[in-house]
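Take a look at the structure below.
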Amino acid sequence: MKEKNIIITGGAGFIGSNLVKQLADTNHVIVIDDLSTGHIKNIQNLIISKKIEFINGTITDLELLQKTFRNIDYIFHEAAIPSVPRSIKDPIKTNAVNVQGTLNILIAARDNHVKKVIYASSSSVYGDTPTLPKKEDMKPYPLSPYAVSKLTAEYYCEIFTRIYNLPTISLRYFNVYGPGQDPASEYAAVVPRFITNVLDGKSPIIYGNGEQTRDFTFIEDVVNANILAAESLSTGIFNIAGGKRISINDLALLIIKQCKKDIEVKYQNPRSGDILHSLADITRAKDKFNFKSKYSITEGIEVTIKWFLKRI
Ligand SMILES: NC(=O)c1ccc[n+]([C@@H]2O[C@H](COP(=O)([O-])OP(=O)(O)OC[C@H]3O[C@@H](n4cnc5c(N)ncnc54)[C@H](O)[C@@H]3O)[C@@H](O)[C@H]2O)c1
């Protein structure tokens, strides 16, 4: 992608900042982020070197969005409160950002004739139905306010395409991991939590018996999927994933082995709202915009551990 005017909401966060880094050299990129879970350090160099513009603002501010979206080609919408436990504690806040915030993005995008909105949806919309792999046309069963909010925002995207001719595409990410993911937050994702624990010589904590499985997706594959999705004519809903699954027990063992440590895992009670098994069918994204997952879990974890080692 070249010489486009791009907005990345949530661009100081894990996925957003990786997208920013990929697009900043050849495009005009504006980041909108309220720094609630993201960190300015993720994009500091690009701000200082004036390669990107940074707006410390919230997607709940429709007036700000209306002003900023003038002459914009693409919006990569990553901003959200991205946590199941946080949504259970405070569903009103999750709804305000994930649903109302997305509706604001769509209204401002429609009014400013944006070429396409690429929305970060989530595999959590599938819930805990036994059928695997998950396909986009299956009936969703959200199990948490977070999953309801991601699904509702998807519906808004589809409705804006249908009613107002605003091209939108929803990418249902499956457990994204990689360099730049925050291990410090109370709600940190499993991969950065395990890696930092193991590198510190501590036991990784597994919620439940560890036999739950996940389809982990390396960040570079997600960044690539976003660019392919923006450039394609496709609209609608697409799974974005590695396309293979691994149990949390095996993930812990892989990380312990790759960190060359001799550590036992510890177990705690399962968390409410967590699903048991997850695996994506990625055929639709492959057929429609040639998405391929290039990283196996072993390769992705190796790159991620190296990144964390550099930061110790
Ligand atoms: N990481 C995953 O495995 C995963 C899986 C499925 C979907 N997603 C989705 O991908 C997106 C990015 O997730 P992430 O893992 O990078 O999380 P993250 O917390 O690192 O990034 C989210 C960013 O949004 C910003 N933000 C939050 N509320 C905002 C607001 N009101 N206005 C402006 N900015 C705001 C945060 O400060 C942060 O920088 C989210 O929409 C999330 O739901 C992530």
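Averaging the sequence gap over all C-alpha pairs within less than 8 Å and six or more residues apart, then dividing by the number of residues, gives the range 137-211 a relative contact order of 13 percent. Of all beta bridges that DSSP places with both ends in the chain, some 5 percent have antiparallel geometry. For the pair THR26 and GLU231, the difference between a 0.36 nm per residue extended length and the Cα-Cα distance amounts to 72.3 nm. Relative to the longest principal Cα axis of the chain, at what angle does helix 297-310 sit, 0 to 90 degrees, rounded to 10? It works out to around 90 degrees. Applying a DSSP loop filter and a limit of 15 other Cβ atoms within 10 Å to the GluC sites (Glu not before Pro) in the range 167-230 leaves GLU186, GLU211.
For the residues LEU23, LEU151, LEU46, a GNM of the chain with alpha-carbon springs under 10 Å puts the largest fluctuation on LEU46. By the rule of a C-alpha distance below 17 Å, with chain neighbours fewer than 8 residues away ignored, the lysines paired with LYS50 are LYS4, LYS21, LYS41.
The ranking of THR283, THR235, THR94 from fewest to most other beta carbons within 10 Å of each one's beta carbon is THR283, THR235, THR94.
How would you classify the range 76-138 from its alpha-carbon gyration tensor, with a ≥ b ≥ c the square roots of the eigenvalues: rounded for a/c under 1.5, else prolate if a/b is greater than b/c, otherwise oblate?
Numbers: a/c = 3.09, a/b = 1.34, b/c = 2.30.
The shape class here is oblate.
Only the Cβ atoms of Lys and Arg (+1) and of Asp and Glu (-1) were treated as charged; on that basis the dipole of the chain about its Cα centre amounts to roughly 360 debye. If you take the square roots of the eigenvalues of the alpha-carbon gyration tensor of the chain and sort them as a ≥ b ≥ c, do you get rounded (a/c under 1.5), prolate (a/b over b/c) or oblate? Taking the square roots of the gyration eigenvalues as a ≥ b ≥ c, the chain is prolate. Its convex hull of Cα atoms gives the range 165-281 a direction-averaged projected area, equal to a quarter of the hull surface, of 8.5 nm².
For the chain, the residue among ILE301, GLY38, ASN249 whose Cα projects farthest onto the positive side of the dipole built from Cβ charges is ILE301. Helix 219-231 and the longest principal axis of the C-alpha atoms of the chain enclose an angle of approximately 20°.
Shape of the range 29-163 from the C-alpha gyration tensor: prolate (a/c of 1.5 or more and a/b above b/c, with a ≥ b ≥ c the square roots of its eigenvalues). If the chain linking THR129 and ILE159 were pulled fully straight, counting 0.36 nm for each residue of separation and taking away their Cα-Cα distance, it would gain 8.2 nm. If only the Cβ of Lys and Arg carry +1 and only the Cβ of Asp and Glu carry -1, the dipole of the range 176-308 around its Cα centre is close to 140 debye.
The calculated FRET efficiency for GLU63 paired with LYS41, based on their beta-carbon distance and R0 = 35 Å, is about 0.80.
In the chain, the longest principal axis of the Cα atoms and the axis of helix 145-164 are about 30 degrees apart.
Only the coordinates and a few stated rules stand behind these numbers; no lab work does. Treat the numbers as computed from the prediction; the structure is a model and nothing was measured. Cβ: placed from backbone, ideal geometry, glycine included. Neighbour counts: every protein chain shown.
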